[in-house]
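Shown next, in structure tokens, is the structure this report addresses.
Throughout, read-outs are computed from the coordinates displayed, never taken from laboratory work. Worth saying up front: this structure is predicted, and the values here are computed from it rather than measured. Methodologically, a virtual Cβ is constructed for each residue, glycine included, from the backbone with ideal geometry; neighbour enumeration extends over all protein chains shown.
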Amino acid sequence: MGKTLDLASLERRFDAVPALSRTPRSIEELSGGLTNLNVKVTTPDGVFVARCFGQGELLGIDRQVEHLNTRAAAEAGVGAPVFDFREELDMLVIGYIDGVTYDNSTFAQAGVVSRVADACAQLHAGPRFVNEFDMFARQRNYLAIVERNGFALPEGYQRYADRFDQIRSALAVREHGTVPCNNDLLAANFVDDGTKLWVIDYEYSGNNDACFELGNISTECDLDLDQLEELVTAYYGRRLRSRIARARLQAHVSQYGWALWGAIQAATSPLDFDFTGWGTERYEKAVAGFTSDGFDELLEEVQRDD
């Protein structure tokens, strides 16, 4: 969890929020969350999730943006409903989704990749978010924070800056516009209620290249290349070589950028979590992509029109 709060403190804060104030009231901490404490709150009025905010400034999290984009995702029909936002209490209150949370192994099940593609498409077709998300800009900001504070970089990190720039130049040749993206779709952010697949947690949300979303999913959910190709094909409704190449390259952009998130968290987070290992894993995936025999071919492929 991202922020440890005692029960008495939680009770006082919940008393100040109409959606959570009625009693009898039960409170259950939910697993997951590295920058929040997520609490399931059951009252006579319903079942809710209180997202109690933890640190986020160095990581580029804007809680007002998270609130507004969570509302937009709900309007798109893929996000949980929003019941309250109290910045002074560091809290966002959303509806509880009664369902099964995915893990990486879920993606091996028949039909799951297609359902994930459909959920992403529904989110992306919804109302525009209030901000833009560009991992190239975010990576620069994260790197400046790391260097300014003397945080430890993954060994050899800067040696691959030119590869990162090559990807940026290649992606810019054929811009496809931006759509509202979650940008942080690890498996646990998909919740299946038995009928519908929901997408939760919008801390890093913003309008972005759809292929970043798909490439980031491949990294966070540990998809192999066949599964990534299946995801991209299902999303677009047909096989597009340039979009597959784009998602693969955006996966490397994700890996190289989020590796610095791990470096910042390793230096600043009070949690007992291996952020160094988390960041190193993504960095090593990026290096494997940057140095692969097919890297130059991907740069060429993404600039072509299908």
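Odds and ends about this structure:
- The simple spin-label model puts a point 7 Å past each Cα toward its Cβ; for ASP118 and ILE61 those points are separated by 3.1 nm.
- Percentage relative contact order, the chain, counting C-alpha pairs under 8 Å, at least six apart: 17 percent
- Folded to 0 to 90 degrees: helix 241-268 orientation relative to the chain principal axis, Cα: 50 degrees
- Span from the the range 224-259 Cα centroid across to the the range 66-110 one, whole angstrom: 24 Å
- Size of charge dipole - the chain - debye, nearest 20, with Cβ of Lys, Arg +1 and Asp, Glu -1, no other charges: 500 debye
- Per DSSP, loop trypsin sites (Lys or Arg not before Pro) in the range 81-165 with at most 16 further Cβ within 10 Å: ARG128
- Point-to-point label distance, SER21-SER292, nm (Cα→Cβ direction, 7 Å offset): 5.5 nm
- Per-peptide average of other Cβ atoms within 10 Å, ordering 41-50, 210-219 highest first: 210-219, 41-50
- Take every Cα pair under 8 Å whose residues are at least 6 apart in sequence, average their separation, divide by the length of the range 19-69, and the relative contact order is 28 percent.
- Taking the chain as a Gaussian network of alpha-carbon nodes connected by springs under 10 Å, the highest mean-square fluctuation of the residues PHE273, PHE129, PHE107 belongs to PHE273.
- Between helix 161-173 and the chain there is an angle of about 90 degrees, using the helix long axis and the longest principal axis of the Cα atoms.
- Mean-square fluctuations from a GNM of the chain, with a 10 angstrom spring cutoff on Cα atoms, peak among GLY150, GLY54, GLY77 at GLY150.
- Over the range 7-151: Rg over Rh, Cα atoms, Kirkwood Rh: 1.01
- In the chain, the DSSP-assigned H stretches of four residues or longer account for a calculated mean residue ellipticity at 222 nm of -14500 deg cm²/dmol, using -39500 (n - 2.57) per stretch and the full residue count as denominator.
- Given [x] 28, 23, 19; [y] 32, 23, 21; [z] 33, 23, 16, the label whose value is semi-axes √(5λ) of the Cα gyration tensor in Å derived from this model: [z]
- Calculated FRET efficiency for the pair ARG304/ARG239, C-beta based, R₀ 22 Å, to 0.05: 0.95
- Taking the range 170-306 and dividing mean pair separation by its residue count, relative contact order in percent (alpha carbons under 8 Å, at least six apart): 25 percent
- For the chain, the longest principal axis of the alpha carbon atoms and the long axis of helix 63-76 meet at an angle near 80°.
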